[in-house]
Amino acid sequence: MKDTLKHSGMRNKLAELLEAKGIRDKKVLNAIKTIPRHLFLDSSFEDHAYQDKAFPISAEQTISQPYTVAFQTELLHVKPNDKVLEIGTGSGYQTAVLLHLKARVFTIERQLELFKKTRLFFNKMHYRPKKMIFGDGYKGLPEEAPFDSIIVTAGAPEVPKPLMSQLKVGGRLVIPVGENEQVMTLFVRKSEKEFEKKELGAFRFVPLLEDKN
């Protein structure tokens, strides 16, 4: 599978569409224009890779809709060298967007089949997260905390407490909360004990499962 001028043109169109839908951050749009999303999908979906849609990947998971990826990323306010924890590596597309923004990414995946597949893919593509871990994202990564931001790419019935505690003061947690339909929720840590919460509309994600490795 190659990355061609045709693919590049389709990416530019996708970025224009996301901008029309309200994505403002130029760096995020630039990541969408740059990252070859078709390579993250099974080849049968290649022709559809630059539609603004979610698609199935292995282990009954999905690659998020580009708008959702851009929306969540924009909320994180990523700066170069930020330490970012990603819960749910999945296909690695969201990871690649964070790496494009020059974040130091720590990413956790709980589906072994997907973990192995994505790790091989990262090696092939020379994507270099700081750490890629097979494990339970609910627990976060206490040994690497605190983080500038944390992004959860699966729906959680409630917000895992360990993730809140692993945020820096000033840090941002973006998480879809809810059972069947999720509300995209942003938490900003104001102090040791205080969090500001914003709810930002309904999205649909695969569930974040606890202790199911």
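Results, tabulated for the structure shown:
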item: Sites matching trypsin sites (Lys or Arg not before Pro) across region 13-70 that sit in DSSP coil, with at most 15 neighbouring C-beta atoms within 10 Å; result: K21, R24, K53
item: Within region 74-133: Cβ-based charge dipole about Cα centre, in debye rounded to nearest 20 (Lys, Arg +1; Asp, Glu -1); result: 300 debye
item: Violating pairs (Cα-Cα greater than 31 angstrom) within the set K33/K190; K124/K190; K53/K168; K2/K131; result: K33/K190; K124/K190; K53/K168
item: Structure-derived Cα extents along the principal axes in Å - corresponding label in (1) 47, 41, 28; (2) 50, 36, 34; (3) 56, 34, 29; result: (2)
item: Accessible carbon and sulfur surface of region 159-204 relative to its total accessible area, %, 1.4 Å; result: 47 percent
item: Whichever aspartates and glutamates have a C-alpha closer than 15 Å to that of K139, once near sequence neighbours (fewer than 8 apart) are set aside; result: E86, E109, E158, E210, D211
item: Near-label residues of region 125-142 by backbone N, under 16 Å of a point 7 Å along Cα→Cβ of K161; result: 138-142
item: DSSP bridge pairs, the chain: antiparallel proportion in percent, nearest 5; result: 45 percent
item: Simple Cβ-charge dipole of the chain, Lys/Arg +1 and Asp/Glu -1, about Cα centre, in debye nearest 20; result: 820 debye
item: Share of Cα-Cα pairs in region 45-114 lying beyond 15 Å, as whole percent; result: 54 percent
item: Candidate lysines - alpha carbon under 20 Å from K26, same-chain residues fewer than 8 apart omitted; result: K13, K79, K102
item: Over the chain, relative contact order from alpha-carbon pairs under 8 Å, at least 6 apart, %; result: 15 percent
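The values are calculated or read from the model by the stated rules, or taken from the named source; none is laboratory data. Just so you know, these numbers come straight off a predicted model, no measurement behind them. Backbone-built Cβ (ideal geometry, glycine too); neighbour counts: all protein chains shown. For the accessible areas, the whole protein counts, side chains as well, though only heavy atoms, and no ligand, DNA or RNA atoms are used. Shrake-Rupley method; radii C 1.70, N 1.55, O 1.52, S 1.80 Å.
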